[in-house]
């Protein structure tokens with residue numbers, strides 16, 4: 001279970017993600033937003049499945 005500081009960090013990351021998607025919608029519409037979502041999904045999956053013993057890249 002994350003402590004309050006870790007939990008706040010998670011929430012800030014989620015807010016930043018939502019802001020990037022909304023900016024993409026404003027700038028380039030649905031297609032641009034889809035590209036941002038796919039890119040972010042890749043980042044999340046890499047973090048999720050990275051070896052905990054390896055430093056983050």
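A few points about this structure:
- The chain, helix-only ellipticity at 222 nm - DSSP H runs n ≥ 4, -39,500 (n - 2.57), divided by all residues, nearest 500: -30000 deg cm²/dmol
- From the coordinates shown, Rg and Dmax of the Cα atoms in Å corresponds to which of [x] 13.8, 39; [y] 16.9, 55; [z] 24.7, 83: [x]
- Comparing 33, 24, 16 in a Gaussian network model of the chain, where Cα atoms under 10 Å apart are tied by springs, the biggest mean-square fluctuation is seen for 16.
- Take the Cβ atoms of residue 26 and residue 48, set R0 to 30 Å, and the FRET efficiency comes out at 0.60.
Every read-out reported here was derived from the displayed coordinates using simple, explicitly stated rules and does not represent laboratory data. Every value quoted in this text rests on a predicted model; they were computed, and no experiment measured them. All Cβ positions, glycine included, derive from the backbone under ideal geometry; neighbour counts span all protein chains shown.
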